[in-house]
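Since the structure comes first, as structure tokens, the remarks are kept for the end.
Read-outs throughout are calculated quantities, based only on the coordinates presented, and are distinct from any laboratory measurement. What you see is a predicted model, and the numbers here were worked out from it, not measured in a lab. We place every Cβ from the backbone using ideal geometry, glycine too, and count neighbours over all the protein chains shown.
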Amino acid sequence: MPETSLFQSFFLIFSGAAVLASLALYGRQPLLVAYIALGVLFGSSGLAIVDNVKLMAEMSSIGIIFLLFLLGLDMQPKALISVMRKATFVGLISCGLFLGLGYLIGWMFGFTPIERWVIGMAMMFSSTIIGIKLLPTTVLHHKHLGEMMVGLLLFQDFVAIACLMILLSGSTGAVDFAQLGISFAALPLLIAIAWGGVRFVLQPLLTRFDRFHEYVFLLALGWCLGLAELAEIMGLSREIGAFIAGITLATSPISQYIALNLKPLRDFFLVLFFFSLGAQFNLDMVPQIALPAIVAAAAVLMFKPVVFRYLLGQQSERKILAWDLGFRLGQISEFSLLIAYLAMSQKLIGSEASHLIQATAILTFLVSSYIVVLNFPNPIAIKDHLRRD
């Protein structure tokens, strides 16, 4: 069978997504379910008609970058500094608890000590895509909720970077603490570069040429992707670079125009993300990891909302807001998938542990999406009274 071209892959993914999304809406189901199901159907474990899944996965990561950039555009720097004070305490305690939860699950099912720690690492993080995509921005109290969520997700990003560096040094048997320190020291430098770039380059250009809408669009894209790549070079993550690119541009009068015009591009890449998530999963591993994956997913879905509710309640958050945030963060993350892939490539974990993390991610993505879509205000709610853009 000839290799599927890029155009054919796009045709199959987006035409198929349109069909399944229509069926999902008729059946009153979240759209994310349709995208993941399509990936399983067309991927290597299904009909195997989209064979360049790795390319799709790489392209889909751009959607996460745009998501963080748009998030930064909607947040003022002063608000972020304020919320990070709360997020640090909640993030430290919750990461420790979820690390222990993953280790315990790994021990229960006979995984090796290293595999238990890697499973624990994967449990620490919540999905930026699920959390932010399902968050309304037009309701006043959800703006505060969004700020708190971003603070927690950013804190988790820093922890994830540390975990990835530890895994990268796993083949040598020693953690490179010097490199770890350099990466975190690079953050203030990246912020300074971003602030200077906006102040002395972007603002004058936008002031002079803001009537050329195509130019504004291109300048925003270049700024977002350029700072994301610079962050990667400096040892941080592209996601952090994109968020800093957005938040430094948030004070510009034209920031909301940029945000509005980039949303369709973001959604294009996010469809690819959820498709590739389903397409890369090996169904042949299901019998081996079904029970531990169900146990792990159930533990995450029950434990995470309770932990966040209690910790945020200690931070003077209103009870209803604390539960709202807890359920929105009640899954594991796309970072968890990266941890599974990296740990397996470093031969720190086996295929069974890697697929356990992948299956837990898919299960928690799906169930958590259902919980939020059916019970909390969100942009894709099936019930009219819950739909908020």
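What pairs from LYS54/LYS263; LYS133/LYS304; LYS86/LYS347; LYS133/LYS347 go past 30 Å between their alpha carbons?
As for pairs spanning more than 30 Å Cα to Cα, those are LYS86/LYS347; LYS133/LYS347.
Per residue of the range 357-362, what does 6.51 cos²θ - 1.76 cosθ + 1.60 with θ = phi - 60° give for ³J(HN,Hα)? Whole Hz please, x for Gly and Pro, Karplus curve as stated.
Using θ = phi - 60°, the values come out as 5, 4, 5, 5, 4, 5 Hz.
Find the percent of Cα-Cα distances in the range 328-378 that exceed 15 Å, and round it to a whole number.
That fraction is 49 percent.
What number does the range 84-124 give for Rg over Rh if you use C-alpha atoms and the Kirkwood radius?
Details: Rg = 11.6 Å, Rh = 10.3 Å.
Here Rg/Rh amounts to 1.13.
Which length gain, in nm to one decimal place, applies between LYS347 and SER15 when the Cα-Cα distance is subtracted from 0.36 nm times their residue separation?
115.7 nm
Using a 10 Å cut-off on Cβ atoms, rank the peptides 250-258, 119-127, 86-94, 148-156 from the highest mean neighbour count down.
119-127, 148-156, 86-94, 250-258
Could you state the per residue volume, in Å³, of the convex hull enclosing the Cα atoms of the range 220-280?
Spelled out: Cα convex hull of the range 220-280, divided by residues, is 85 Å³.
Report the calculated FRET efficiency for VAL201 and LYS319 (r = Cβ-Cβ distance, R0 = 45 Å), to the nearest 0.05.
Between VAL201 and LYS319 the formula returns 0.45.
Taking just the alpha-carbon atoms of the range 230-357, what radius of gyration and Dmax come out, in angstrom?
Rg then Dmax for the range 230-357, in Å: 18.8, 55.
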